[in-house]
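A.B. asks: This is the structure, below, for whatever I ask next.
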Amino acid sequence: MIKVAVLGYGNIGSGVVQVLLKNKETIAKKAGDEIVPACVLDLRDFPGDVMEDKVVKDINLITQNPEISIVVETMGGTKPAYAFVKACLEAGKHVATSNKELVAAHGPELLEIAKAHHVSFLFEASVGGGIPIIRPLVSSITSDAVTEITGILNGTTNYMLTKMSEDGLDYDAVLEDAQERGYAERNPAADVEGHDARRKIAILSSLAFGKYVDYEDVYTEGITKITSADFAYAKVLGSHIKLFGTSKKKEDGSISAMVCPVMITNEHPLFAVNNVMNAILVRGECMGDLMFYGAGAGKLPTASAVVADVVNAARNPKITEIAPYELGKMTVSDHLKSTHSYFVRVKGTDANAVAESFKAKQIVDAGIADEFGLITAEWAENEFDALCENYPVVSVIRLAK
C-alpha cells in the first residue's frame with residue numbers, strides 16, 4: 001500500500017482525493033499497488049467529509065512519517081507551499097503539484113533538491129490542467145529539437161474572447177459573465193492581464209529548451225484593451241482574436257517569448273480552440289507540428305493530471321523523472337527587436353495616406369464611423385511603436401505567424 005498526503009484541501013486537493021477513491025481499482029492496476037490518501041494538511045476542519053478524521057495541521061506530521069512516500073501539493077501560491085514542498089523533498093518524498101506559481105518561481109531549485117534525494121518533483125497539472133503536455137516534453141519528444149511552443153494557456157480569457165467574438169459583447173460584460181459562471185475570480189488580474197499564461201509558457205519553455213526561463217523575462221500583455229470593435233474588424237477579416245503564449249528558439253541560442261493577444265486566420269491550428277478549452281502547439285525540426293488539446297482547468301481534469309503524476313511516482317519510486325535544467329538562465333531576447341505584422345485601428349478618414357506610412361497590405365472597413373483598420377507589413381516593435389506615436393491609433397493587435 002502506498003500512502004499519499006495532500007497539502008491543501010481546497011478545490012483541487014479534494015478533487016485528488018475524489019479521483020484516488022473513485023478510481024482506486026484502476027489506479028492500483030496501473031501503479032502496481034494500492035494508493036490511498038492517508039491525510040490532508042489544512043488549517044480548516046471538514047466535518048462530514050470522507051477525510052474528516054484524517055486532517056493534520058502540522059507539516060512535520062507528514063515529513064516525519066515514514067509511511068508517507070508521496071505528497072501532493074495543491075495549496076497554490078509560494079508561501080508556505082515552497083517551504084513545505086522543499087521539506088518533503090528533503091525528507092525523501094516524491095512531490096506532485098498543480099501549482100504553477102511554485103514551479104515558475106522555484107522549479108530549478110526544487111528539481112535539484114529532488115535529484116539530490118533520489119525522488120521526483122512532478123508538475124504535469126501546473127500548465128495545462130488535464131492536458132498531458134509536461135511528460136511528452138520530458139519523455140516523448142526527446143529525439144527532436146523543439147523550435148517553438150505556442151499555446152492558448154488560459155481558459156478564462158479564451159472563454160471571454162470566444163464570447164466577445166460570438167455574441168458581440170464588450171469586455172466588461174463578458175468578464176461579469178465569466179465571474180458568474182465561476183470561470184473568472186473576483187479579482188481576475190492573474191488571468192486577464194496575462195500573468196497566468198506567462199508562468200505557463202515559462203515552464204513549458206524551460207522544459208522544451210532545457211534551461212530555466214524566468215517568467216519575469218517574458219513580455220506580457222493581457223486582454224483588457226480588447227473591445228467589441230476589434231472583433232468587428234476580425235469578423236470582416238475572417239479571423240479570431242486569441243491570447244497566445246509563444247516562445248521560439250533563435251539561432252544564437254536565446255529565445256523570443258511573449259504573451260499577448262493575436263489575430264489568427266482559419267488556417268492556424270489553434271483557430272477553432274474556443275470557450276474554456278486550452279491547446280498547445282509544439283513545433284520540432286523533424287516531427288513538424290504536434291497539438292495537445294483539452295480542458296485546461298477545472299477540479300477533476302486538473303486532479304486527474306495530479307494523480308497521473310502520483311501513479312508515475314508509485315511505479316518508478318527510484319527514478320527522478322524530470323531532470324534538473326542546465327545551469328544558468330535562458331536568455332530571452334528584447335521583444336522590441338522582434339518583428340510582426342499588425343492589425344491597427346486608426347481614427348480618421350484618410351486611410352490611403354496612413355496606409356502608405358504603415359506599408360499596409362490591406363485597408364479594412366468594419367462600418368465603424370470615423371475610423372479604419374489596416375493590416376501592416378512586418379515591422380520591428382520599436383520602429384512600429386515610434387510610428388504609432390504620429391497617428392491617432394486606437395488599437396493594435398499582432399498577427400500570428
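A.B. asks: Kindly flag which residue pairs out of 211/337; 200/249; 242/299; 115/248 have an alpha-carbon separation exceeding 19 Å in this structure.
C.D. replies: 211/337; 242/299; 115/248
A.B. asks: Please compute the length gained on full extension between residue 25 and residue 347, using 0.36 nm multiplied by the number of residues separating them and subtracting their Cα-Cα distance.
C.D. replies: 109.5 nm
A.B. asks: Ranked highest first by average number of other Cβ atoms within 10 Å, how do 376-384, 196-204, 298-306, 91-99 line up?
C.D. replies: Highest-to-lowest ranking by the protection proxy: 196-204, 91-99, 298-306, 376-384.
A.B. asks: Sorted from fewest to most neighbouring beta carbons within 10 Å, what does the list 39, 88 look like?
C.D. replies: Going from least to most buried by this count: 39, 88.
A.B. asks: For a quick check: sort 395, 206, 139 by the number of other beta carbons within 10 angstrom, fewest at the front.
C.D. replies: Ascending Cβ contact count within 10 Å gives the list 139, 395, 206.
A.B. asks: Another question about this same structure. Straight-line reach from residue 401: which aspartates and glutamates have a Cα under 20 Å away, not including same-chain ones fewer than 8 places off?
C.D. replies: Filter leaves 148, 221, 230, 251, 267, 285, 289, 334, 378, 381, 383, 385.
A.B. asks: Can I ask one more? Cut-off is 10 Å between beta-carbons; in what order do 183, 391 appear when sorted fewest neighbours first?
C.D. replies: The order, fewest Cβ neighbours first, is 391, 183.
A.B. asks: Here is a further query. If the cut-off is 18 Å between C-alpha atoms, which aspartates and glutamates fall inside it for residue 79, apart from same-chain ones fewer than 8 positions away?
C.D. replies: List returned: 42, 58, 90, 101, 109, 196.
A.B. asks: Using the Cα centre of the chain as the reference point, and only Cβ charges (+1 on K/R, -1 on D/E), how large is the resulting charge dipole? Debye, rounded to the nearest 20.
C.D. replies: Using only the charged Cβ atoms, the result is roughly 1100 debye.
A.B. asks: While we're looking at this one, here's another question. Given (1) 51, 29, 20; (2) 43, 23, 17; (3) 39, 30, 17, which label gives semi-axes √(5λ) of the Cα gyration tensor in Å as computed from the coordinates?
C.D. replies: (2)
A.B. asks: Tell me, what is the Rg over Rh of segment 336-399, with Rh the Kirkwood radius over Cα pairs?
C.D. replies: Using only Cα positions, Rg/Rh for segment 336-399 is 0.94.
A.B. asks: Hey, what number do you get for the chain at 222 nm if only DSSP H runs of n ≥ 4 count, each worth -39500 (n - 2.57), divided across all residues, to the nearest 500?
C.D. replies: -10000 deg cm²/dmol
A.B. asks: What ³J(HN,Hα) values, in whole Hz, does the Karplus curve 6.51 cos²θ - 1.76 cosθ + 1.60 give for segment 303-318 when θ = phi - 60°, with x put for Gly and Pro?
C.D. replies: Calculated HN-Hα couplings, in order: 4, 4, 5, 5, 5, 4, 5, 4, 4, 5, 5, 5, 6, 10, x, 9 Hz.
A.B. asks: Which residue, chosen from 165, 269, 154, occupies the Cα position most advanced towards the positive end of the dipole of segment 137-295, where the dipole is computed from +1 (Lys, Arg) and -1 (Asp, Glu) charges on Cβ about the Cα centre?
C.D. replies: Going by the charge dipole, the pick is 269.
Each value in this text was obtained by applying a stated rule to the coordinates, not by laboratory testing. Keep in mind the model is a prediction, meaning the values are calculated, not measured. So basically every Cβ, Gly included, is an ideal-geometry build from the backbone, and we count neighbours across all protein chains shown.
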